[in-house]
1. Which one of these is crowded, with 18+ Cβ neighbours inside 10 Å and in contact (Cβ under 8 Å) with a residue 12 or more places away in the chain: 23, 70?
2. Residue check, residue 107 against (1) touching a Lys or Arg at 6+ places or on another chain (Cβ under 7 Å); (2) of a type in the set (Ser, Thr, Tyr); (3) part of a loop (DSSP other than H, G, I, E, B), all met but one. Which one?
3. Does at least one position in segment 113-136 carry a residue that is in contact with a helix residue (DSSP H, G or I) (Cβ under 9 Å, 6 or more places away or on another chain), of a type in the set (Asp, Glu) and open to solvent by 70 Å² or more (accessible area, probe 1.4 Å)?
4. Being open to solvent by 50 Å² or more (accessible area, probe 1.4 Å) and at pLDDT below 90 is true for just one of 30, 13, 51. Which residue is that?
5. Keeping to segment 93-112, report how many residues are more than 17 Å from residue 158 (Cβ to Cβ) and either open to solvent by 70 Å² or more (accessible area, probe 1.4 Å) or in contact with a helix residue (DSSP H, G or I) (Cβ under 8 Å, 6 or more places away or on another chain) (or both).
6. List pairs: first residue in segment 124-136 and closer than 14 Å to residue 53 by Cα and among the aromatic types (Phe, Trp, Tyr), second residue assigned to a strand (DSSP E or B) and open to solvent by 40 Å² or more (accessible area, probe 1.4 Å) anywhere in the structure, Cβ distance under 8 angstrom, at least six positions apart or on different chains.
7. Residue 90 is checked against (1) open to solvent by 40 Å² or more (accessible area, probe 1.4 Å); (2) out of contact with any Asp or Glu (no Cβ under 8 Å at 6 or more places or on another chain); (3) of a type in the set (A, V, I, L, M, F, W, C) and fails just one. What number does that condition carry?
Amino acid sequence: MSIPLAQAFRFCPRCGNAIEPVGRNPLVCPACDFCFYFTPITGVVGILVNPQGEVLLLERARDPGRGKYGLPGGFVDPGETAEDALIREVREEVHLTVSRLAYLASYPNDYTYRGVTIPVTDIIYICRVDSYAPLRADPQEIAGTRLCRPGPRELERMAFDSNRRALELYLQGRSSLDAAVSRAASSVSDSNERP
């Protein structure tokens, strides 16, 4: 016999206190305020790239990773697609409208909140926005924003391993694309110089 996952939790997984009523979603422990949603833990992350090839980094205003860099994103709500979740998160966090997005990769991640670590699968997209004006960060979540071409210093400051790995993959691909374009341009100019 099986029961819904929410009904299997009769005690708080953080402090062991009995939970009443059983089966409520989210589970909220009255003793320690631990809150757990019985939904798939799926995160979405956007690598927002401007026309100059710069990436939008966010300085996190709260834990986990306060003071470190992150990328726009968050958790997928029940009934929401990953794409819709990312569009919503970008709008909420930095007041920008995503006009195009393309899947890049997915990476496992750990998200520690109030002493409990939750496994997450982050789905990463490369995103375009039509305009970066007005770029306004939500001050409760974001301490600052930075448009840059991330290098080793920025990558070391990433709050989440999944964000760092996604940026490395994106930068690797961009370098390969730039090199291919340079080779093609060089071939074209070489052929134009021949008699």
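The values are calculated or read from the model by the stated rules, or taken from the named source; none is laboratory data. Since this is a predicted model, take the numbers as computed values, not measurements. Ideal geometry is used to build each Cβ from the backbone, glycine not excepted, and the neighbour counts take in all protein chains shown. Keep in mind that these areas ignore ligands, DNA and RNA; they rest on the heavy atoms of the full protein, side chains included. Shrake-Rupley method; radii C 1.70, N 1.55, O 1.52, S 1.80 Å.
1. 70
2. Answer for residue 107: the failing condition is (3).
3. no
4. Going through 30, 13, 51 in turn, just one is open to solvent by 50 Å² or more (accessible area, probe 1.4 Å) and at pLDDT below 90: 51.
5. Matching residues across segment 93-112 total 7.
6. Pairs found: 132/147.
7. The failed condition is (1).
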